[in-house]
1. Could you give the radius of gyration (one decimal) and Dmax (whole number) of the Cα atoms in segment 2-142, in Å?
2. If R0 is 30 Å, what FRET efficiency do you get for Thr25 and Leu127 from their C-beta distance, rounded to 0.05?
3. Would you please give the FRET efficiency between Ser120 and Ala65, computed as 1/(1 + (r/R0)^6) with r the Cβ-Cβ distance and R0 = 25 Å, to the nearest 0.05?
4. Compare the peptides 31-38, 110-117 by average per-residue count of other Cβ atoms within 10 angstrom and give them in order, highest first.
5. Find the relative contact order for the chain and round it to a whole percent, using C-alpha pairs within less than 8 Å whose residues are 6+ positions apart.
6. What net charge do the residues around Gln47 carry, taking every other residue with its C-beta under 11 Å from that of Gln47, with Lys and Arg at +1 and Asp and Glu at -1?
7. When the Cα centres of segment 2-20 and segment 79-124 are compared, how far apart do they sit, in Å?
8. So what J values fall out for segment 44-52 if you push phi through Karplus, 6.51 cos²θ - 1.76 cosθ + 1.60 with θ = phi - 60°, rounded to Hz, Gly and Pro as x?
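What follows is calculated from the coordinates using simple rules that are stated; it is not laboratory data. Everything numeric in this text was worked out from a predicted model, so none of it was measured. Ideal geometry is used to build each Cβ from the backbone, glycine not excepted, and the neighbour counts take in all protein chains shown.
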Amino acid sequence: AVGMDYRFYQDSWDITAHTLNLNYTYPLKTHPGWILSLEYRYYTQTQANFYSDLFPHANAQNFLARDKELSPFTHHSIGFQAEYGYDIKNIQWLDRGQIATSLYYNQYNYDDFRDLRNTSTPGSEPLYSFDAWVSQFYLSVWF
């Protein structure tokens, strides 16, 4: 099955965000119980109305924030998941179980948040970005 969803978000801080998810799920007919999935996610947001990477002086405005999660940024994620579902017949109070594992690559790029670990003239530091590999493993049971 192929899936796609889109979400729009807007709040009173003037943050506007867009999320697009694309996924493909494939149950293995030759191996009942196994399901493989691929997913891509794109996220982008604007900055809060009180955010700034650099303020001209202390108390430059009533509300100040230099939190990177309130700055404008984009996020890309691509991942793979494999899961196996099974019936539990030997334990009366358990119905079924599922084992799953996933691996995702995430990339964050901040459009107006400077990396202060690189000291130089204020405002000339490189923009902050990072990437991460995230893996999960879990076991679920239904009763």
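1. Gyration radius and largest Cα-Cα distance of segment 2-142: 21.6, 69 Å.
2. 0.25
3. The computed FRET efficiency comes out at 0.65.
4. The packing order, highest mean first, is 110-117, 31-38.
5. Once normalised by length, the contact order is 19 percent.
6. Net charge around Gln47: -4.
7. 20
8. 9, 8, 8, 8, 5, 5, 10, 8, 7
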